[in-house]
Each structure stands twice: as structure tokens, then as C-alpha cells.
1. When the range 89-120 is examined, which residues are found to be under 12 Å from Gly160 (Cα atoms), small (Gly, Ala, Ser) and assigned to a helix (DSSP H, G or I)?
2. In this structure, is Ala239 among the hydrophobic types (A, V, I, L, M, F, W, C) and under 30 Å from Ile158 (Cα atoms)?
3. I'd like to check something: does the range 37-58 contain any residue that is closer than 15 Å to Leu240 by Cα and crowded, with 16+ Cβ neighbours inside 10 Å?
4. Criterion first (over 22 Å from Val120 (Cα atoms) and out of contact with any helix residue (DSSP H, G or I) (no Cβ under 7 Å at 6 or more places or on another chain)) does Gly207 satisfy it?
5. Could you check the range 158-212 for helices (runs of 4 or more DSSP H) lying wholly inside it with 1 or more residues that are of a type in the set (Ser, Thr, Tyr)?
6. Exactly one condition in (1) under 27 Å from Ile225 (Cβ atoms); (2) loosely packed, with under 13 Cβ neighbours inside 10 Å; (3) in contact (Cβ under 8 Å) with a residue 60 or more places away in the chain is false for Ile134; which is it?
7. How many residues are assigned to a helix (DSSP H, G or I) and of a type in the set (D, E, K, R) if we restrict to the range 54-88?
Amino acid sequence: MASATSGAATVEREALRREQIFGAIQRRGALVVLIAVVIVAALTLDAFFTAANIENILLHASFLGLIAVGMTFVIITGGVDLSVGSLAALGGVLAGLSVGAGWPLALIVPTLACGIIGLVNGLLIAKARLPFFIVTLAGLLGFRGLALALSGAQTIPISGPPAFTWFGQGEIFGLDVPIIIMLVAFAVGALVLNRTRYGEALFAVGGSEDAARLSGVPVDRVKIIAYTTSGALSGLAGALVAAWLSAGQPLVGQAWELYAIAAVVLGGTLLTGGAGTMLGSLAGLLLFYTIQNVINQVGTLTSYTQQVVTGAFLIVVVAAQTYLTRKRTY
């Protein structure tokens, strides 16, 4: 009897150890790969590890980074928001149209309007029980069309005021403002995930929606907040792009929904929901843009080949995630 009990305890300890090891690899894998890529690139490419190039990577990643924060919330619940790229375009157009009434409105109007759209998406998904794929796919198509209609399918030039363009072109302590905004967004997102009841509810909903309901978790509210946050951050990202380009462009943000999903998944967030970290999403985002930067500096691959390489890399990562998940479970 004692031997059987001891054997069961040993098996349980081994299972726990295996889960901890493979879980750590899954959560921190993107960060490890990012560090390795940076080291190799710094040793082999003279122009890579320079202040200008690193800032260039961070700046281009910052706009998608805001979207990735919201996408992390959504994917942890077990959903996906395909409307984010179109909402970014709409946000940029709204910024261009409203900046004449005062520069604060050029930030507030896109964020608020796209947040309301995210709220509607969340209501349709949580309350009307419509599939998230259909709802957000409709948003991807519809809001791109709305951005084109509002702008007349033309770029909306923004000649001022400087206070607005500063949010896209200005610097704080030598860092571009969009980079700082992105880092603040990730920090706040990490705080919400790890230190609030809402963060606990997100993981509960993604882990098992039925179990979460039985435990008293307000599942509908959790989903609605996630999609609202995703929409608002997408609108803000679009406004910052408009400030950076000094123009509201209705065609900006094409395929950003796919890039955001790729970055979040690269960072270890499971597409099935219930697991993910903001640090992982940030690492996945930077890994995505660092690889693109390295490929551009090598200069031997066409843009089409770059897309093939990126897609193949994403498949490898998802396959590795699936393997690690199975190893954690069995």
C-alpha cells in the first residue's frame, strides 16, 4: 500500500515538473529566439546593431504593438479579432477629419469611435452568440469600406497642428513617442493580466467557458471588454500612424490583423485560449519585425520570398506550441 502511494506521488511530481518545464519553454520561447536572432544578426550584419536600426525596428513595431495588446486579450478568451486592421485605417481617417477641430479630438475621436465598434462586436459575439470569426470578418470588410467612403478613397493630408504630429514624430528622452506609448500599453496590459480579477477571468473564460460560468465568472462581460479594448487600441494605433505620416490613409493597416495574430501566437499565446502573457506577445512582435529587418538587410530575398519565409516560420512555431501543449498535458 505504501509502495503504491509512493509511486503515485512520484508520477504526480514528474507530471508537475514536466508541465513546469514545457510551460516555461512555451511562455519564454519567443524571447529566447529573439535574443538568439539579435546576437547572430549583430555579429554578422554591420548595420544591424546600431541605435538607428534598433529604433527603426521599435518604431515600426509600435503601431502594430498597440493592436497586439488588444489581440492578446481577445485570443486569451479563445476568440480572434479580424477587424483590427480596418479599424486602424478608420482611426487614421477619423484623425485626419477631426484634427481641424482641435488636436485632442484627433486622438479621442478615433479611439472612442473604434472602441464603440469593438463594443458592438463584443455584444454580437457574447450576447447574440454570433461566431467571432463572422462578426470580425464582417468588420474587416465593412470598416475598410467605411474608411474609404469617409476619405473619398483619398489620402487626407494633415498639415498641423504640431501638437498632434508630435505623437507620431516627437521624442521623449531620445525615444520616439509611439514606442513609449506601446511600452506603456504592454505594461498596463501585463498589470491587468497578472494583478487584477479581470485578468483571472480572462484566463478562466479561455480555459473553459462553461466552467467559468459555473464558477460565477461574468463571461459575457469579460468578452465584451476584451473586444472593446481591441477596437479602442486599434483606433489609437491608426491615429498615431496618421500623426507619424502626417496623413490619414484609408489603405493603411492591410493584413495587420494577420500580423497581430502572428505576433501574439509567436509569443506563446494559445489560439485555443486560456494561456498567454504580454511579455510573450511583445517578444513575438519584436521577433516578427526583427526577422523582417534581418531579411531586408541581407537583401537576397524578394518581398514574396519574405512572406513565404514568415509564413513557414509561423507554421513551425504553431507546431512547436502544439507539441509543447501535448507534452505538458501527457
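1. Listed by number, the residues that qualify are Ala95, Gly96, Ser98, Gly100, Ala101, Ala106.
2. Numbers: among the hydrophobic types (A, V, I, L, M, F, W, C): yes; under 30 Å from Ile158 (Cα atoms): yes.
Spelling it out, Ala239 is indeed among the hydrophobic types (A, V, I, L, M, F, W, C) and under 30 Å from Ile158 (Cα atoms).
3. Of the range 37-58, the ones closer than 15 Å to Leu240 by Cα are 58.
Adding the requirement that they be crowded, with 16+ Cβ neighbours inside 10 Å leaves 58.
Checked against the condition, which is being closer than 15 Å to Leu240 by Cα and crowded, with 16+ Cβ neighbours inside 10 Å, the range 37-58 yields at least one hit.
4. Details: over 22 Å from Val120 (Cα atoms): yes; out of contact with any helix residue (DSSP H, G or I) (no Cβ under 7 Å at 6 or more places or on another chain): yes.
Yes: the conditions hold for Gly207.
5. Working: elements: 162-169, 177-195, 197-207.
By residue number, 162-169, 197-207.
6. So Ile134 meets the others, but not (3).
7. Residues in the range 54-88 being assigned to a helix (DSSP H, G or I) and of a type in the set (D, E, K, R): 1 in total.
Read-outs throughout are calculated quantities, based only on the coordinates presented, and are distinct from any laboratory measurement. Every value quoted in this text rests on a predicted model; they were computed, and no experiment measured them. Please note: Cβ atoms are built from the backbone with ideal geometry, for glycine as well, and neighbour counts cover all protein chains shown.
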